[in-house]
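Inspection log for the structure reproduced underneath, given as structure tokens.
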Amino acid sequence: MSRTPAVTASSTARGASPSAPVPPPTGTPPPTGPPPTGPSATKSPPPTAGPPPTGSPYTEAGTGAVAGTGALAATAGPRGHLRATLITVGYRTILAVAPIIVLAALWELLKALTSTEDARLPHTWQVLSYFASEGSTGEGELRLLLTNLGTTIQEAFVGLAIGIVAGGALGILTARYATFGRSIRPLLVLTQTLPVVAIAPALIIWLGHSWVSKAVLAALCSFFPIAVSVARGIEDIPAEARRVFASFGAGRWQVFRSLELPSALTQANAAVHTAAALAVVGAVVAELPAGSTEGMAVLVLSSAQFYNFEPAALWCAAITTAVGGLVTVYLAQAIFTRLAKLALRTSSLPTGDH
């Protein structure tokens with residue numbers, strides 16, 4: 001078949017004007033008769049996306065996508081939220097239990113390497129089993145430990161509250177009045193260098209054997225971190241921020257409420273951990289002098305006297321005190337954070353109204 005006519009027709013079409021009809025190529029009969037009518041004459045619509053045919057390889061892929069979407073929708077529902085919560089709780093539980101398992105393993109490893117007899121260092125399972133035993137009075141050891149722990153925690157919380165209030169007030173005065181701060185800071189440091197064990201008997205003789213003396217000693221141990229953090233929070237405020245408040249005509253009270261108080265609470269929030277731990281230590285030390293009848297220190301002293309006969313008793317008292325201190329720290333942190341948020345809600349920025 002010759003390709004010359006097709007080339008000629010193509011060149012003719014390029015040279016003709018746009019309005020002139022292009023003749024059909026040679027060898028192709030011209031269309032005759034009326035133009036076609038009916039469905040074949042209309043322009044077919046563009047293809048629309050529909051379900052793939054049965055047996056198509058895309059069917060399985062589409063089913064998987066739908067299943068994945070359903071899984072995501074289910075995850076976003078109540079069951080998915082519950083599942084995410086359980087996963088988070090489980091993860092945090094593992095993080096909390098893992099150090100305990102490591103410490104128990106190190107305990108047993110140390111005991112095996114040093115060949116220490118049970119009378120000097122009991123096994124971990126012996127210590128744990130002692131929690132379920134009964135004391136000489138017939139009362140369960142765990143109940144006795146928890147009862148005395150509650151007394152110590154109450155004393156620590158009262159002392160911590162006093163320490164936060166006193167430390168916060170001293171921190172504010174130290175930061176806002178330079179002369180007062182320079183004169184009082186050596187005294188504040190001096191209170192922390194005094195041996196607590198030495199002044200505890202004096203406080204007990206002065207204030208008696210009630211919970212008041214224990215709370216006062218706990219406050220004496222816990223106020224210093226709060227005072228230092230509050231003073232630092234106020235002193236570290238940039239001068240530019242103070243100039244901005246001064247440009248709005250803010251008074252001293254409004255500057256304190258809207259600028260200094262948030263900064264001081266932020267710093268004090270980080271110091272509550274240390275203050276709460278020191279409050280527990282102060283409460284336990286205050287229970288050591290003779291005459292105390294309740295508290296973890298009483299159990300520690302009585303267990304130490306019979307360590308050669310029942311060493312697990314002393315370890316149970318020590319572990320219970322440590323766990324109680326841990327609970328006190330986190331509970332105090334949560335309470336202080338909540339109160340700090342409520343206090344910050346009442347603060348407001350200056351409006352510029354003179």
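Any read-out appearing in this document is the output of simple, stated calculations on the displayed coordinates, not a laboratory observation. For clarity, every value in this text was computed on a predicted model and none was experimentally measured. Reconstructed Cβ throughout: ideal geometry from the backbone, glycine too, with neighbour counts over all protein chains shown.
Summary table below
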{"item": "Close pairs from the range 188-205: first among the polar types (S, T, N, Q), partner assigned to a helix (DSSP H, G or I), Cβ under 8 Å, at least 6 apart", "result": "THR191/LEU220; THR191/PHE224; GLN192/PHE224"}
{"item": "Which numbered condition ALA198 misses (of (1) farther than 28 Å from LEU326 by Cα; (2) more than 33 Å from the chain's Cα centre (by Cα))", "result": "(1)"}
{"item": "Top-ranked residue in the range 105-154 [being in contact (Cβ under 8 Å) with a residue 40 or more places away in the chain and in contact with a strand residue (DSSP E or B) (Cβ under 9 Å, 6 or more places away or on another chain); ranked as surrounded by the most Cβ atoms within 10 Å (Cβ to Cβ)]", "result": "GLU141"}
{"item": "Neighbours by Cβ (under 6 Å, 6+ apart or cross-chain): first from the range 249-276, closer than 16 Å to ILE237 by Cβ; second among the aromatic types (Phe, Trp, Tyr) and surrounded by fewer than 21 Cβ atoms within 10 Å (Cβ to Cβ)", "result": "VAL255/PHE245; LEU259/PHE245"}
{"item": "Out of ALA161, ALA215, ALA198, ALA166, sole residue that is surrounded by 13 or more Cβ atoms within 10 Å (Cβ to Cβ), of a type in the set (Gly, Ala, Ser) and either under 24 Å from VAL300 (Cβ atoms) or in contact with an Asp or Glu (Cβ under 6 Å, 6 or more places away or on another chain) (or both)", "result": "ALA215"}
{"item": "Yes/no for PRO99 being closer than 26 Å to VAL300 by Cα, within 26 Å of the chain's Cα centre (by Cα) and not aliphatic (A, V, I, L, M)", "result": "yes"}
{"item": "Members of the range 290-311 that are assigned to a loop (DSSP other than H, G, I, E, B) and surrounded by 21 or more Cβ atoms within 10 Å (Cβ to Cβ)", "result": "GLY295"}
{"item": "Selection within the range 312-335 - surrounded by fewer than 21 Cβ atoms within 10 Å (Cβ to Cβ), over 21 Å from the mean Cα position of the chain (by Cα) and not aliphatic (A, V, I, L, M)", "result": "TRP315"}
{"item": "Subset tally (residues that are outside any loop (DSSP other than H, G, I, E, B) and over 30 Å from TYR330 (Cβ atoms)) for the range 228-255", "result": "13"}
